[in-house]
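The values are calculated or read from the model by the stated rules, or taken from the named source; none is laboratory data. This one's a predicted model, so the numbers in the text were calculated from it and none came from an experiment. For neighbour counting, all protein chains shown are included, and Cβ atoms are generated from backbone atoms with ideal geometry for every residue, glycine included.
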Amino acid sequence: MRSKSFAARRVRNVIVYVHTALPPSDAEWDGVLEYYTGTEAVDPLLTLVYSAGGAPNASQRARLNVVLGARRARIAVLTPSALARAAGTAVSLFRPDVHVFGPHELGPALEHLGVSGEQAAEVRVVLSELKEELDINDAGGTGRA
């Protein structure tokens, strides 16, 4: 799945999202939520998010909480952005399994998710591919002028 502000792919029970510096529109956020609505049988559902700065607004975060309901959903957010960190922290108030990490803390983020070995290697490859698709460099920004 890909839009202007994000790209996503599933690796077994891990959903990998990469957000640009743009906030998702409501239509794009609907696409994010669709990923979750099709995973009711996956337990636990794990999500790795890399954000160059884009983050869901309060209404979108509330819709995520409704979609997830009482499901166990462990989420790790990697970001250099203070805004995205604040959004992740806001989500963690209602979902204690959400943790926010610096942009280069992929190892600790994967540990938080309980992902290791071959699956961790697959997640690392997918994360790199999605960042490349969206032209996000290692500093977190886009390479576009």
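Tabulated data
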{"quantity": "Only one of Val115, Val100 that is farther than 20 Å from Ala7 by Cα and either crowded, with 19+ Cβ neighbours inside 10 Å or at pLDDT 95 or above (or both)", "calculated": "Val115"}
{"quantity": "Cross-chain or 6+ apart pairs with Cβ under 8 Å, region 69-95 first and under 17 Å from Ala52 (Cα atoms) and polar (S, T, N, Q), then loosely packed, with under 15 Cβ neighbours inside 10 Å and at pLDDT 80 or above", "calculated": "Thr79/Gly102"}
{"quantity": "Pair list, Cβ < 8 Å and 6+ apart or interchain, from region 130-145 residues that are at positive phi to residues that are modelled with pLDDT under 55 and outside any loop (DSSP other than H, G, I, E, B)", "calculated": "Asp135/Thr142"}
{"quantity": "Tally, over region 43-63, of residues that are out of contact with any strand residue (DSSP E or B) (no Cβ under 9 Å at 6 or more places or on another chain) and of a type in the set (A, V, I, L, M)", "calculated": "2"}
{"quantity": "Strands (runs of 3 or more DSSP E) fully within region 1-62 counting 1 or more residues that are over 20 Å from Phe94 (Cβ atoms) and touching an Asp or Glu at 6+ places or on another chain (Cβ under 9 Å)", "calculated": "6-11, 14-19"}
{"quantity": "Some residue of region 54-62 being buried (at least 20 other Cβ atoms within 10 Å of the Cβ), touching a residue at least 60 places away in the same chain (Cβ under 8 Å), under 23 Å from Ala109 (Cα atoms) and in contact with a His (Cβ under 9 Å, 6 or more places away or on another chain)", "calculated": "no"}
{"quantity": "Test: Ala82 is within 26 Å of Asn137 (Cβ to Cβ) and surrounded by fewer than 18 Cβ atoms within 10 Å (Cβ to Cβ)", "calculated": "yes"}
{"quantity": "So Val42, is it touching a helix residue (DSSP H, G or I) at 6+ places or on another chain (Cβ under 9 Å) and under 22 Å from Val11 (Cα atoms)", "calculated": "no"}
{"quantity": "Unmet requirement for Pro44, which otherwise passes all of (1) of a type outside the set (Val, Ile, Thr); (2) under 19 Å from Ala21 (Cβ atoms); (3) at pLDDT below 80; (4) in contact with a Lys or Arg (Cβ under 6 Å, 6 or more places away or on another chain)", "calculated": "(2)"}
